[in-house]
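The values are calculated or read from the model by the stated rules, or taken from the named source; none is laboratory data. Small disclaimer: the values here were computed from a predicted structure and weren't measured. Note that each Cβ is placed from the backbone with ideal geometry, even for glycine, and that neighbours are counted across all protein chains shown. Ligands, DNA and RNA are stripped out before the accessible areas are found, and what is left, the full protein with its side chains, is counted by its heavy atoms. Shrake-Rupley method; radii C 1.70, N 1.55, O 1.52, S 1.80 Å.
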Amino acid sequence: MNDAPMSEYMRQQASWQEYYSGKLIRTTRFRDQTINIALRGLLGRIENKKTGSFRLEDVSGYLKRQKEQPIRVEPATLQLFKDTVEFLTDKGIEVLLLHIPSTDVLNNIDSEAQKEVLDIFNVMAKQSGKIHFLNYNKDYEHDHSLFYDLRHLNKAGNKLVTDRLAEDLGTLLVNSGLGDHGS
């Protein structure tokens with residue numbers, strides 16, 4: 001909240017009560033659900049409770065609201081992101097940018113803005129051998145049976161994407177030479 005772009009973003013997106021309580025008490029930015037997820041992780045209870053698949057008719061109201069809130073690339077926030085990635089790569093750290101799938105129904109709401117974000121990631125990865133971008137969205141967004149809702153994979157989707165990520169990470173480790181350190 002002390003970062004100017006983050007503070008400005010919160011001022012625009014949150015109610016005045018949320019904004020000022022977040023300035024005063026840092027942990028108020030966590031909702032009950034977020035705290036519960038964090039506690040489950042700390043207790044080692046990492047099971048995925050998202051089962052089943054979403055039904056398009058159940059999300060029509062949500063889709064209408066999403067159309068009214070287009071994706072925006074905030075220049076100051078983008079610069080912070082780029083600075084962070086540059087800081088890491090300057091220290092020799094490999095950076096993985098990962099686009100986890102969401103449904104095509106959601107992606108098509110503002111496809112031009114989404115393409116702009118993906119282009120940023122692709123350009124960054126092409127400009128540096130230390131930045132890798134894995135875009136799983138394009139391969140899975142049309143298979144609605146893998147999703148619990150518009151944004152979240154269900155248990156089957158999580159397994160499929162996690163298995164693929166593990167395989168791709170192994171390949172990246174071998175190709176980058178990071179896997180040669182005996183660990």
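Rounded to 0.05, the FRET efficiency of the residue 76 and residue 23 pair, given R0 = 22 Å and the Cβ-Cβ distance, is 0.75. Binning the C-alpha pair distances of region 121-170 at 5 Å intervals from 0 yields a P(r) profile of 5, 19, 23, 20, 16, 12, 6, 0 %, listed from the shortest bin outward.
Counting only protein chain heavy atoms and rolling a 1.4 Å probe, the accessible areas of 126, 82 rank, largest first, as 126, 82.
Database remark: amide H of residue 96 closer than 5 angstrom to the amide H of 132 (H placed geometrically; neighbours at sequence offset of 5 or more, or on other chains; Pro and chain starts carry no H). A 1.4 Å probe, protein heavy atoms only, puts the accessible area of residue 151 near 110 Å². Keeping all protein chains in the complex and leaving out DNA, RNA and ligands, what accessible area do you get for residue 87 with a 1.4 Å probe, in Å² to the nearest 10? Accessible surface of residue 87 is approximately 120 Å².
Report the percentage of all Cα-Cα pairs in region 96-149 whose separation exceeds 16 Å, rounded to a whole percent. Tail of P(r) above 16 Å: 45 percent of Cα pairs.
Using the Cβ-Cβ distance between residue 138 and residue 14 with R0 set to 25 Å, the FRET efficiency works out to roughly 0.15.
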